[in-house]
Amino acid sequence: MIPACQRANSGSSYLTMKKKFKRELKSIEQIFDFISVFLEKYKLDDSISFTLNLVIEELFTNMIKYNTESTSEILIELDKKEGNMIVIITDYDVEPFDVTRKKEVDVKAHLQDRRVGGLGIHLVKNMVDKIDYEYKNRESKITLTKRLER
C-alpha cells in the first residue's frame, strides 16, 4: 500500500503526496479532499485548485469510463517542484490511451457540426503547460505540468 502522504527530499523545494483511489465515480469527492489537503499542507494558492480539480476529474473519469476491464485502483501523485505543479495519474492493467495524440477539437465549429467527445481532453490540454504520456507493461501514466503563479 502506498502511503497517503509522503514528503520527499526534506528541506528542498520538492514536495509530494500520493494516494490510490478506487475506480469508481464516488472517489471524485475523496480526490478533491486529497487535492485540498495538498494545497493546504504546502501552502499553495487556492487559484490552482480549480485547475487541479478539473483536469484530475476529467482524466480519472475517462480512465473509469474507457478502461472497464481493469479493477485496479488508480494512483494520483501531486508534486510541487521548482515552481511547477506536477500531477501524475497512473492506471494499471489497461490498454494504451495516449491523450497527447487525441485529435484537436474545433471549438469554433457550430455545435451541430462537431463530433461528440474530446472536449474534456481539449480543456485539460489547454489548462496545463505540458502533458506527457507513457505506456509500459499495461501501465498507463499521464504526467501534467502546470507552472505556479509567482
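The values are calculated or read from the model by the stated rules, or taken from the named source; none is laboratory data. No experiment lies behind these values; they were computed from the predicted model shown. For neighbour counting, all protein chains shown are included, and Cβ atoms are generated from backbone atoms with ideal geometry for every residue, glycine included.
Hey, among Glu24, Glu77, which residue is in contact with a Lys or Arg (Cβ under 8 Å, 6 or more places away or on another chain) and not small (Gly, Ala, Ser)? If you could, list the steps in order and put the result at the bottom.
Details: Glu24 fails: in contact with a Lys or Arg (Cβ under 8 Å, 6 or more places away or on another chain).
One residue alone meets the criteria, Glu77.
Report yes if Met1 is at pLDDT 85 or above, over 18 Å from Met85 (Cα atoms) and either of a type outside the set (Lys, Arg) or over 17 Å from the mean Cα position of the chain (by Cα) (or both), otherwise no.
Working: at pLDDT 85 or above: no; over 18 Å from Met85 (Cα atoms): yes; either of a type outside the set (Lys, Arg) or over 17 Å from the mean Cα position of the chain (by Cα) (or both): yes.
So Met1 does not fit the description; no.
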Sort out which residues of the range 15-65 are modelled with pLDDT of 95 or more, within 16 Å of Leu144 (Cα to Cα) and assigned to a strand (DSSP E or B), and write them in order of number. Met17, Lys18
Filter the range 88-133 for residues that are modelled with pLDDT of 95 or more and touching an Asp or Glu at 6+ places or on another chain (Cβ under 6 Å); the one that is nearest to Leu39 (Cα to Cα) is Ile88
In the range 33-60, the residues that are in contact (Cβ under 8 Å) with a residue 12 or more places away in the chain, exposed (fewer than 15 other Cβ atoms within 10 Å of the Cβ) and within 15 Å of the chain's Cα centre (by Cα): Ser36, Leu54
Restricting attention to the range 69-87, report how many residues are farther than 14 Å from Phe38 by Cα and modelled with pLDDT of 95 or more. 4
